Amino acid sequence: MAHGNHQATPTPLCDLICTHGAMVVAPCDSDVLAHLNIDLTSHARPQKAARELVRAVSVGIASDERVDDIVLVTDELVGNARQHSAIGGPIAMTVDRYAWGLVVKVTDSSRAMAPELRRPDGEREHGRGLYIVNALATAWNVRPGGHGKTVQAAFANMSAGG
């Protein structure tokens with residue numbers, strides 16, 4: 001893998017996530033131990049469905065505290081997708097489990113690509129979600145897609161024993 005060189009195509013997530021000072025590196029041939037997709041568009045309570053799915057995938061491979069972190073980040077990603085995507089626009093989530101950790105991807109119909117990472121302000125009702133994602137995920141990023149964007153959060157080194 002060539003670091004520092006800009007490529008015409010994005011580096012696959014399994015190779016590298018590098019944003020906001022955090023990096024996760026895993027070989028592209030890492031085996032996906034579990035791959036789950038869920039279309040959250042028609043769910044009456046999409047955040048609840050996403051939390052339940054990611055908790056089910058994470059239990060037993062991560063400490064209880066780390067599972068809670070993953071669930072909270074997932075809730076924030078889905079909540080942000082609901083808030084910022086077109087009304088009734090599609091929202092989907094993918095969860096990939098690897099030997100090195102877990103990746104949660106939330107795709108929505110919003111084309112806004114520059115989320116603002118800022119410190120929470122006690123006076124504001126909103127604006128804490130990305131701060132929470134940045135604090136709890138090993139790394140995260142935003143990728144453009146065909147009809148919107150995908151926000152990805154990776155969680156590495158999450159063994160239940162440590």
Inset, instruction - Please work out the FRET efficiency for the pair Q83 and L33, using the Cβ-Cβ distance as r and a Förster radius of 30 Å; give the result to the nearest 0.05. - result: 0.40
Inset, instruction - Report the net charge of residues surrounding D68, where surrounding means a beta-carbon distance below 15 angstrom and charges are Lys +1, Arg +1, Asp -1, Glu -1. - result: -3
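Every number in this text was worked out from the coordinates using simple rules, so none of it is lab data. A quick note: this is a predicted structure, and the numbers were derived from the prediction, not measured. When we count neighbours, we look across all protein chains shown, and the Cβ atoms used for this are built from the backbone with ideal geometry, even at glycine.
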